[in-house]
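The values are calculated or read from the model by the stated rules, or taken from the named source; none is laboratory data. Computed from a predicted model, the values in this text were never measured in an experiment. Here the Cβ positions follow ideal geometry from the backbone for every residue, glycine too, while neighbour counts run over all protein chains shown. These accessible areas exclude ligands, DNA and RNA; they are computed on the full protein's heavy atoms, side chains included. Shrake-Rupley method; radii C 1.70, N 1.55, O 1.52, S 1.80 Å.
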Amino acid sequence: MPKTTFTREEIQSFAQLSPFELKDKFIRIAQAAQADKPGQKEKSSAQMLNAGRGNPNWTATGPREAFYALGYFALSESRRVWTADDLGGMPEKTGSGERFDTFVRRHPDLPGIELLEKCVAYAVERFGFDRDAFIHELTDSSIGDNYPVPDRMLTHTEQIVRGYLADEMFDEKPPSDNLSLFATEGGTAAMCYIFDSLMKNGILKKGDKIALMVPVFTPYIEIPELDTYEFDVVNVEASLFTETGVREWRYPTEEVAKLADPAVKLVCLVNPSNPPSLALSQRVADQIKDIVATENPNLLLVTDDVYGTFVEDFRSIAADLPRNTLLVYSYSKHYGCTGWRLGVIGLHDDNVVDEMIAGLPQTEKDRLARRYGTLSLEPEKIRFIDRLVADSRQVALNHTAGLSLPQQVMMALFSLFDMLEEGQAYKARIRAIVKQRLDLLLEGAQMKIAEDPKRAGYYIELDLLAEAERVHGQDFADFLEKNYEPVDPLFRLAEQTHVVLLNGGGFDGPQWSVRVSLANLDDLDYLKIGHHLRGIFDDYAEEWRASKG
């Protein structure tokens, strides 16, 4: 194949972009390559394969059906109170459980009604809910006729989601202390709220030293660089190899030891990682736990565990360090619901953030008393988890804060579905999907990866320079570095094969690595992508051999 039509200087300039912005450039290149060309009668029949974004192409249909079935019951409850053309009333709590049972009996063929009944029965049994109170929360919230009360999260929904996190994030062995939750508009909102509130409350200050466990989801790299924060960032790099040219994507002991510096106030990690898609090893979790116990007791951790459900027996580091950890979880990937914007922040009631706020200098305490003084006569007693809620609405609008109630109902039904046999079968299926796609990609690319039982496989990061050394030796790797930019393979893929991938360097991974999402294309597309990637790789090898000849 010919080289890309872009000059090295052009490629260098585009490489400065965020990988997600660069992805849009690759999409335009791929689309242009498919368009009519002078003298060409027909457009290219090659399909553009965009494996650059992690939006899954599966959806959990069962809990959605249950949600829609609930909607019909909720409307019947509204019309029962007040019926005038298209006008209804607010559903009543008293007797709602009995009316729900009657509705279920009368509508046995309504799609989703059986699963909805199972979810309700399971929730009442496991969490000891009063049926009228729980069904009224579901009904009134699906109608969406009230502001969220409590604003942080609905009472029953919080207990259900806490149970879901205990099952899936804590491997059914949660810490004994209560986990308080704040429902957010997806994991992205959770990230923004956490950084903002830590600054507002004086826990972090402009220029403070924080750590990132890299490679990592790009916003965790870009947010600290904003002029709002200008943090001094220390990278903890996953740089271990199992053998020459095969990356293990694990953290060496000396890298993790960087967190022992008391100047490091916070560390952010995605667990399982993005893009390598590996859950944190117990060795590293134990090392961090030891650092907190001895050298850096106030170290805060923000762990984004959105991919945890794709790893067998996953256990969040929030289980090992409950006092120091802010847990972020999003339902988007597991349930194929990125458009629903369902996320949650979890913080244990006994935590170092509240402790640190209590220990601030008096001038800082006075400032915060003024900030939150309209919310309470004792603003110093407002917990950090509740300050997050207030800050999300600039404090002044705290009375209208909180995630949309229909969204919270969907969150509750997704969680309850997972607790049933149907949900566990669904989980096994989506795990099998990403594993099959990974196998096909590697078959096509003829590349090796390290065997790892902690692999989620939602993404894969392939180090092309390491592969070059593994297959053809150091001389070939040196040739690539000398003659081409690290993103050159991605330009060739887009222009010549209409394949869109992301550059691993944009995630603070190795510059010559590429990130492939295994979630958003059909299975056999990954075999094609692998073939194209190997073809580009072989082109470089041919050029290298020609240069030697």
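Each row is one residue, and each column tells you yes or no for (1) in a loop (DSSP other than H, G, I, E, B); (2) open to solvent by less than 20 Å² (accessible area, probe 1.4 Å); (3) at positive phi; (4) in contact with a Lys or Arg (Cβ under 6 Å, 6 or more places away or on another chain).
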site: Glu461; (1), (2), (3), (4): no, yes, no, yes
site: Glu469; (1), (2), (3), (4): no, no, no, no
site: Ala477; (1), (2), (3), (4): no, yes, no, no
site: Glu481; (1), (2), (3), (4): no, no, no, no
site: Ala494; (1), (2), (3), (4): no, yes, no, no
site: Gly505; (1), (2), (3), (4): no, yes, no, no
site: Gln511; (1), (2), (3), (4): yes, no, no, no
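I'm checking my understanding of the structure. Among residues of segment 149-180 that are among the aliphatic types (A, V, I, L, M) and more than 15 Å from Glu137 (Cβ to Cβ), which one is surrounded by the most Cβ atoms within 10 Å (Cβ to Cβ)? Among residues in segment 149-180 that are among the aliphatic types (A, V, I, L, M) and more than 15 Å from Glu137 (Cβ to Cβ), the one surrounded by the most Cβ atoms within 10 Å (Cβ to Cβ) is Met169. One residue alone among Glu421, Glu451 is out of contact with any strand residue (DSSP E or B) (no Cβ under 7 Å at 6 or more places or on another chain) and modelled with pLDDT under 95, and that residue is Glu451. Of the set (1) open to solvent by less than 50 Å² (accessible area, probe 1.4 Å); (2) more than 32 Å from the chain's Cα centre (by Cα); (3) modelled with pLDDT of 90 or more, all apply to Gln34 but (3). The criterion of being modelled with pLDDT of 95 or more and in a strand (DSSP E or B) holds for Leu327. Just wondering, is there one or more residues in segment 124-134 that are open to solvent by less than 20 Å² (accessible area, probe 1.4 Å), in a helix (DSSP H, G or I) and either in contact with a strand residue (DSSP E or B) (Cβ under 7 Å, 6 or more places away or on another chain) or modelled with pLDDT of 95 or more (or both)? Yes, there is a match, as at least one residue in segment 124-134 is open to solvent by less than 20 Å² (accessible area, probe 1.4 Å), in a helix (DSSP H, G or I) and either in contact with a strand residue (DSSP E or B) (Cβ under 7 Å, 6 or more places away or on another chain) or modelled with pLDDT of 95 or more (or both).
Asn55 falls short on exactly one of the conditions (1) open to solvent by 20 Å² or more (accessible area, probe 1.4 Å); (2) more than 30 Å from Val499 (Cβ to Cβ), and that condition is (2).
Looking across Leu347, Leu375, one residue alone is free of Cβ contacts under 8 Å to residues at least 60 places away in the same chain and aliphatic (A, V, I, L, M). It is Leu375. Restricting Leu360, Leu397, Leu375, Leu388 to those that are over 31 Å from the mean Cα position of the chain (by Cα) and within 26 Å of Val344 (Cα to Cα) reduces the list to Leu375. Considered as a group, the residues in segment 96-106 that are surrounded by 15 or more Cβ atoms within 10 Å (Cβ to Cβ) and out of contact with any His (no Cβ under 7 Å at 6 or more places or on another chain) include one that is farthest from Leu420 (Cα to Cα), and that residue is Arg99. Summed over segment 67-88, the residues that are open to solvent by 20 Å² or more (accessible area, probe 1.4 Å) and touching a Ser or Thr at 6+ places or on another chain (Cβ under 6 Å) give a count of 2. Residue check: is Leu388 part of a loop (DSSP other than H, G, I, E, B), open to solvent by less than 40 Å² (accessible area, probe 1.4 Å) and closer than 22 Å to Leu204 by Cβ? Considered against the rule, which asks whether it is part of a loop (DSSP other than H, G, I, E, B), open to solvent by less than 40 Å² (accessible area, probe 1.4 Å) and closer than 22 Å to Leu204 by Cβ, Leu388 comes out as no.
For segment 206-230, taking the residues that are free of Cβ contacts under 8 Å to residues at least 40 places away in the same chain and either surrounded by 17 or more Cβ atoms within 10 Å (Cβ to Cβ) or under 22 Å from the mean Cα position of the chain (by Cα) (or both), the one that is farthest from Ala468 (Cα to Cα) is identified as Tyr229.
In this structure, Ser197 does not qualify as at pLDDT 95 or above and in a strand (DSSP E or B). Going through (1) over 22 Å from Val516 (Cα atoms); (2) modelled with pLDDT under 95 one by one, Val246 falls short only on (1). Considering Val256, Val233, Val306, Val284, the condition of being assigned to a strand (DSSP E or B), within 24 Å of the chain's Cα centre (by Cα) and among the aliphatic types (A, V, I, L, M) is satisfied by Val233 alone. Within segment 396-436, which residues are open to solvent by 10 Å² or more (accessible area, probe 1.4 Å) and in a loop (DSSP other than H, G, I, E, B)? If the condition is that a residue be open to solvent by 10 Å² or more (accessible area, probe 1.4 Å) and in a loop (DSSP other than H, G, I, E, B), then Ala396, Leu397, Gly402, Ser404, Leu420 are the ones that fit. Contact map, segment 303-316: residues that are more than 11 Å from Ser273 (Cα to Cα) paired with residues that are part of a loop (DSSP other than H, G, I, E, B) and not acidic (Asp, Glu), Cβ distance under 6 Å, separation 6+ or inter-chain. Pairs shown: Phe310/Ala456; Phe310/Tyr458; Val311/Pro272; Val311/Ala279; Val311/Lys454; Val311/Ala456; Phe314/Ala279; Ser316/Met169.
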